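Below is one structure, written out as structure tokens, with a few remarks after it.
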Amino acid sequence: MNPFVIAPLVALAVLGGALAGTLLRDRLPGRHLDEDTKWMVRIGIGFLSTLAALLMSLIISSKMQSFDAVSREIEAAAAQIMQLDANLRELGPAGDPARARLHALVSAEIARLWEHRALPEGGGRGCHELEKMLRALSPAGTAEQAALARALQLTGNLAQAGGVVSSQSSSTTTIPLLTVLLLWLVIICFGINLFAAVSRTIMAVNLLVALSIAAAIFLILEMDQPYHGVIGVSDAPLRAVLQQLAP
């Protein structure tokens, strides 16, 4: 879902609910606008407002936690890649082909996640190929053998991390959930304007409310796609590692 498309539609829907309340107010008979009716509408609007606030806070909290988890995963992967590169350097010339492969793997991941290019290597598959290259090595010295063992362990960790990162690269926000939330917000704006006299102040408040709701939905959709849009996980850790891996 494109946040730049959904957010304006949300604002228009909220304004539409407010306009419907204003238009209906002028057409309802007087008995539908008495104090008992106002009291009942206020109770209903208060109940829906509480539900909408709780649901929106839960969604935003969940998306922020997921976004932070992805960011930490990228930073941890960058640190592991630096350790892996250090171990490959200890293997001497025998580790150079593996270092070149690691450089290509990191470059492919950056292109796939942030530049949205579909590349055959990257993620778990690329790590498995790198692991095969490492297992084919036969270091002679004890220090080289220890470095190779650590490199194999780090490669396995990177393969697991790559699977986690790939699983979190797609949107998880469900359309029915946002639809229900939007329906509640439209009903709230409809009920509020049902008893509000038309004025420039009321119109300005409706506009500000619609824009605020649209901004909240925009943030939710942006955080739901951590490698896309304006708000995204930084690729700086992996690009810094990529420079270090350069021959």
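The values are calculated or read from the model by the stated rules, or taken from the named source; none is laboratory data. In this text, all values refer to a predicted model and were calculated from it rather than measured experimentally. Note: ideal-geometry Cβ built from the backbone for every residue, glycine included; neighbour counts use all protein chains shown. The protein model used for the area step is the full one, side chains on, heavy atoms only, and it has no ligands, DNA or RNA in it. Shrake-Rupley method; radii C 1.70, N 1.55, O 1.52, S 1.80 Å.
Which order do PHE190, PHE67 take by accessible area at a 1.4 Å probe, largest first?
PHE190, PHE67
If the chain between LEU183 and ARG239 were fully stretched, how many nm would it gain, using 0.36 nm times the residue separation less the Cα-Cα distance?
15.9 nm
In the full protein assembly as shown, how much of ARG112 is accessible to a 1.4 Å probe, in Å² to the nearest 10?
70 Å²
Using a probe radius of 1.4 Å on heavy atoms only, what accessible surface per residue do you get for region 1-98? Whole Å² is fine.
Ligands and nucleic acids excluded, the result is 59 Å² per residue.
Where the eigenvalues come from the Cα gyration tensor of the chain, what are the semi-axes √(5λ) of the equivalent ellipsoid, largest first, in whole Å?
Whole-Å semi-axes of the equivalent ellipsoid: 58, 15, 12.
Once R0 is set to 25 Å, what does the formula 1/(1 + (r/R0)^6) return for the Cβ-Cβ distance between LEU54 and PHE4, expressed as a FRET efficiency to the nearest 0.05?
0.40
Please find the FRET efficiency linking SER71 to ALA215, where r is the Cβ-Cβ separation and R0 is fixed at 25 Å, and quote it to the nearest 0.05.
Efficiency, from the Cβ-Cβ distance: 0.70.
Connecting C-alpha atoms closer than 10 Å in a GNM of the chain, tell me which of ALA216, ALA18, ALA143 has the biggest fluctuation.
It is ALA143.
For the residue pair ALA197 and SER138, what label-to-label distance in nm results when each label sits 7 Å from Cα along the Cα-to-beta-carbon direction?
Rounded to a tenth, the inter-label distance reads 9.5 nm.
Using only helices, what value at 222 nm comes out for the chain when you add -39,500 (n - 2.57) per DSSP H run of length 4 or more and divide by the total residues, to the nearest 500 deg cm²/dmol?
That comes out to -27000 deg cm²/dmol.
Quick one: pull the percent of accessible area on region 177-242 belonging to carbon and sulfur, 1.4 Å probe, ligands and nucleic acids left out.
77 percent
Probe 1.4 Å, all protein chains in place: accessible area of HIS116 in Å², nearest 10?
100 Å²
Can you give the relative contact order of the chain as a percent, counting alpha carbon pairs under 8 Å and 6+ residues apart?
Value for the chain: 43 percent.
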